[in-house]
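Encoded as structure tokens, the structure appears first; notes follow it.
The values are calculated or read from the model by the stated rules, or taken from the named source; none is laboratory data. The structure displayed is predicted, hence computed values, not measured ones. Here Cβ is always computed from backbone atoms with ideal geometry, including for glycine, and neighbour counts include all displayed protein chains. In case anyone asks, the SASA skips ligands and DNA or RNA and just uses the protein heavy atoms, side chains included. Shrake-Rupley method; radii C 1.70, N 1.55, O 1.52, S 1.80 Å.
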Amino acid sequence: MAIRAVLVPMVLGALLGLFSARGDGVHVMVVNGLANAASPWIVVAFAAGTLQGSARVGGLAGALALLVAVLTYYIGFLVGGATFLLPFVAVWAVAAALAGGLCGLAGGAWRHDRPRWGAPAVALVGGLLLGEAAHRLILLQVWTGIEWDRTSMQVAVADVVGAVLAVALLSRDRWGTVGALLPLVALAGVGLLAGGDALLGFAAGG
């Protein structure tokens, strides 16, 4: 149990951190964009939670996975000779602990208490993916025209596809509850990402 609760999220987090650190060098726009997107982090934390023996341990595993991912990401930058501001590390560490804990808890609850928490858990992961998609479309001002060759546009489409797959594959019943919660979570996700943008701008010195 202890090995699964520690080793599994650490491995997942390290792989995620490497993907995020090295994805900038990939010349496939959607891969490059996903390396800088929130969606892989959401999915990894949720997956880490589903692999644990209880919802509580799932929350801890999700937080650990994303904290390891943050550490791996910045170590990758140091090895490559890049520098970074310490406030960024602090901001991302706090965000990783909170978001990872929530998504990991949802993953654990989905696996171990599906009749009660399955629908909210599915709505959480699906809604957050939709929230990121909406956030990117807003930044692109997509209402002025759809540009399929833009990286953020491709990531938004990938997020929508991921959300649809998550709902279709994970939700076994209570479709009405999932459908009602999805837009609420998506709106909250847009707000969190907008707030995150502002916080990162503050950490960078305005």
**Q.** Per residue, in Å², the accessible surface of the stretch 164-203 once ligands and nucleic acids are set aside, probe 1.4 Å
**A.** 61 Å²
(Q) If you count only protein heavy atoms with a 1.4 Å probe, what accessible area per residue comes out for the stretch 1-90, rounded to a whole Å²? (A) 49 Å²
Q | Förster-model FRET efficiency, 22 Å R0, Arg116 and Ala2, C-beta, rounded to 0.05 | A | 0.25
(Q) Can you compute 3J(HN,Hα) from phi for each residue in the stretch 100-105, using the Karplus curve 6.51 cos²θ - 1.76 cosθ + 1.60 with θ = phi - 60°, rounded to whole Hz and x for Gly and Pro? (A) x, x, 5, 5, x, 4
**Q.** Which of Val70, Val94, Val26 is most accessible, then next, and so on - probe 1.4 Å
**A.** Val94, Val26, Val70
Q. When all protein chains stay in place, what accessible area (Å², nearest 10, 1.4 Å probe) is found for Phe46?
A. 20 Å²
(Q) Which of the three applies to the stretch 73-180, rounded, prolate or oblate, going by the alpha-carbon gyration tensor with a ≥ b ≥ c and a/c under 1.5 meaning rounded? (A) oblate
Q) Near Ala158, within a Cβ-to-Cβ distance under 11 Å, what is the net charge of the other residues, with Lys and Arg +1 and Asp and Glu -1? A) -1
